[in-house]
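What follows is a set of notes on a single structure, which appears directly below.
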Amino acid sequence: MTGYVRGLALAARQAQAAIAAADAATRRRLLDAMADQLLAGEAAILAANADDLAKAAAHGAGKATLDRLALDPARVRGMAEALREVAAQADPLGEVTRRETRPNGLVVERQRIPLGLVAMIYEARPNVTAEAAALCLKAGNAVLLRGGSEAAASNAAIAACLHAALREAGLPEAAVSLVADPAREHVLELLQLADLVDLAIPRGGESLIRFVAEHARVPVIKHYKGVCHLYVDRDADVALALDLLVDGKVSRPGVCNALETLLVHRDIAPAFLPHALQRLQAHGVEVRGDAATRAFDPALAPATEADYAAEFLDLVIAVKVVDDLSAALAHIARHGSDHTEAIATSDPDAAEAFVRGTRSSAVMVNASSRFNDGGQLGLGAEIGISTTRLHAYGPMGVEALTIERFVVRGEGQVRHPVG
C-alpha cells in the first residue's frame, strides 16, 4: 500500500462535509456550471479522447470497447445535458419519506441523507466521469473516481472541467477526486479503505467486477454484465417484435442493455423467424441458433450453451425456439444476468406472467431492452445499472445514492420509569 489512494480518499471524505452542508440551490448551480465547463472544454476533451482512441486501437481494443470509449461533439453535449437534467431534479436531502406518531407520542420519521464517499471503479466510458460526479454531488456525496487506463486522458480532461466549476463555486475540488495513476494496486488499496469509503460501485467487464467483489472490504453494489433476452410470445405482433429485435441488437451492440439472446415461441416461429433472420443478417448480425432455428436457415452457426450465457457486446446473437412461456422463463433463469428482459406479446396474461416470472432489474413489455437506462427512465443520468439486490436495483440515480435514517421527535419521553 503506497498511501496514494488513501490520501485522495481522506481529502474527498473531508470535502464531502462541504457538499452535504451546501444548500439545494448551491448544488444545483454547481451542476449547471459543470455542464457549462464541459461545453467550454469540448475541444480539449475531444483532443484527449482522440489520444485515448489511438492508443486503444494500437493495443488491439475491440469494437465494443472503442465504441464505449469514443466521444464526439454530440456525446459531449449529451454529458452536459445529463448534468443539467440531474441539476433540475428535486433535491433528495432531508426528504421525509415516512412519518408516524407512536402511542407514546413520539414522532418517528425516515429522512434521506447522503451515503458519504462513493468510490466509482469503471472502464472505458469517459462519460461516467461526469455523470457519476454529478449524481454523487446532487445527493450530497463526494466521489472517488478510478477509470480505466484506456480512458485516462479523457477522464482527466473531463475532471479538469468539473474542478473548474467547483473552484468557481468556492467548494473543494477534492469532492471529485480522480485516481490518475492507473496501476491496479491502487484499486486494491481503494477497496481496503473501510474507514473512509462508504460504497464502491464497479462498472465494467466481468473480470473487473469479480476482482472488486473478491477483494473489497467496503460495501459493493455490482453493476454486472447484461445477458439480455427478448422473448417473442405466440401472440406477438410480428412487426412490433421485429422492431424490438433490431433496436435491441443493432442500435448499439456494445452496451449492457443490448439484446444478446432471442427466444421464440414454437407456434410463431414460422411466421416470425424467417423475417427476423433476414433483418438481422441485413444489419450484419451473426446469428447462432439451435436446431429448430437452423431449420429455417441451415447456414447458421449452431449455438452452444456458452453462447446462451454470453454477453457478446457485438453484432452477434444467440437464438432459441422454445415450447412456451414457461420454457422461456426457465431459459432466462438459467442463463440470465438479472439485467434486462423483454417480451413481445398481445396477451396481457402472458405479459403479467412474464413480469412475475423474471427477477431482473428491468422488465420490458412490448418495449425495447435499450430503455433500461437512467436517462430514459427519468433519472436524468445513472451511475450504473445495479444487478445487486440491496437498496438499489436497476439504474441508480440520485435517490439511490442516499440512505434513510430515523429521526425521532419527542417531548421528554423516556423508555423506562426514572427513579
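The values are calculated or read from the model by the stated rules, or taken from the named source; none is laboratory data. As the structure is a computational prediction, the values presented were derived from the model and not from experiment. Every residue, glycine as well, gets a Cβ built from its backbone with ideal geometry; the counts of neighbours run over all protein chains shown. The accessibility values were calculated without ligands, DNA or RNA, using every heavy atom of the protein model including side chains. Shrake-Rupley method; radii C 1.70, N 1.55, O 1.52, S 1.80 Å.
Of everything in region 153-165 that is buried (at least 24 other Cβ atoms within 10 Å of the Cβ) and of a type outside the set (Gly, Ala, Ser), the residue that is farthest from the chain's Cα centre (by Cα) is CYS161. Note on region 168-187: residues that are within 29 Å of VAL227 (Cα to Cα) and touching a residue at least 60 places away in the same chain (Cβ under 8 Å) total 1.
When region 278-321 is filtered for residues that are under 17 Å from LEU244 (Cβ atoms) and either crowded, with 19+ Cβ neighbours inside 10 Å or within 25 Å of the chain's Cα centre (by Cα) (or both), the ones remaining, listed by number, are LEU280, VAL285, VAL287, LEU315, ILE317, ALA318, VAL319, LYS320. You will find that of ILE201, ILE209, the residue that is among the β-branched types (Val, Ile, Thr), touching a residue at least 24 places away in the same chain (Cβ under 8 Å) and not in a loop (DSSP other than H, G, I, E, B) is ILE201 and no other.
For region 239-262, the criterion of being buried (at least 22 other Cβ atoms within 10 Å of the Cβ), of a type in the set (S, T, N, Q), closer than 30 Å to VAL128 by Cα and in contact (Cβ under 8 Å) with a residue 12 or more places away in the chain is satisfied by at least one residue. For region 284-298, how many residues are more than 15 Å from VAL316 (Cα to Cα) and touching a helix residue (DSSP H, G or I) at 6+ places or on another chain (Cβ under 6 Å)? Residues meeting the conditions: 2. With the structure loaded, tell me whether ALA392 is in contact with a Ser or Thr (Cβ under 7 Å, 6 or more places away or on another chain) and either at positive phi or part of a loop (DSSP other than H, G, I, E, B) (or both) or whether it fails that test. So ALA392 fits the description; yes. Among residues that are within 30 Å of ALA56 (Cα to Cα) and open to solvent by 40 Å² or more (accessible area, probe 1.4 Å), GLU150 is included.
The set of residues from region 209-237 being surrounded by 18 or more Cβ atoms within 10 Å (Cβ to Cβ), farther than 30 Å from ALA344 by Cα and aliphatic (A, V, I, L, M) comprises ILE209, VAL212, ALA216, VAL218, VAL220, ILE221.
Scanning region 399-419 for residues that are open to solvent by less than 10 Å² (accessible area, probe 1.4 Å) and in contact with a helix residue (DSSP H, G or I) (Cβ under 9 Å, 6 or more places away or on another chain) gives a single hit, LEU401.
The residues of region 299-349 that are among the small types (Gly, Ala, Ser), outside any strand (DSSP E or B) and in contact with a strand residue (DSSP E or B) (Cβ under 7 Å, 6 or more places away or on another chain), listed by number, are ALA303, ALA310, ALA328, GLY336. Just one of the numbered conditions (1) assigned to a helix (DSSP H, G or I); (2) in contact with a strand residue (DSSP E or B) (Cβ under 7 Å, 6 or more places away or on another chain); (3) among the hydrophobic types (A, V, I, L, M, F, W, C); (4) touching a residue at least 40 places away in the same chain (Cβ under 8 Å) is not true of ALA165: (2). Between PRO103, PRO114, PRO126, the distinction of being open to solvent by 50 Å² or more (accessible area, probe 1.4 Å) and either under 22 Å from LEU196 (Cβ atoms) or modelled with pLDDT of 95 or more (or both) belongs to PRO103 only. The helices (runs of 4 or more DSSP H) found wholly in region 38-94 and carrying at least 1 residues that are of a type in the set (Lys, Arg) and surrounded by fewer than 13 Cβ atoms within 10 Å (Cβ to Cβ) occupy 63-69. Remark: pairs (first residue in region 43-55, closer than 16 Å to ALA74 by Cα and free of Cβ contacts under 8 Å to residues at least 24 places away in the same chain; second residue open to solvent by 40 Å² or more (accessible area, probe 1.4 Å) and among the aromatic types (Phe, Trp, Tyr); Cβ separation under 6 Å; 6+ apart in sequence or on different chains) are absent. Could you check, for region 2-24, whether at least one of its residues is under 22 Å from ALA400 (Cβ atoms), part of a strand (DSSP E or B) and among the polar types (S, T, N, Q)? No, that holds for no residue.
Each row is one residue, and each column tells you yes or no for (1) among the aromatic types (Phe, Trp, Tyr); (2) touching an Asp or Glu at 6+ places or on another chain (Cβ under 8 Å); (3) more than 25 Å from THR26 (Cβ to Cβ).
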position: ALA124; (1), (2), (3): no, yes, yes
position: ALA134; (1), (2), (3): no, no, no
position: ALA139; (1), (2), (3): no, yes, no
position: LEU145; (1), (2), (3): no, no, no
position: ALA164; (1), (2), (3): no, no, no
position: GLU189; (1), (2), (3): no, no, yes
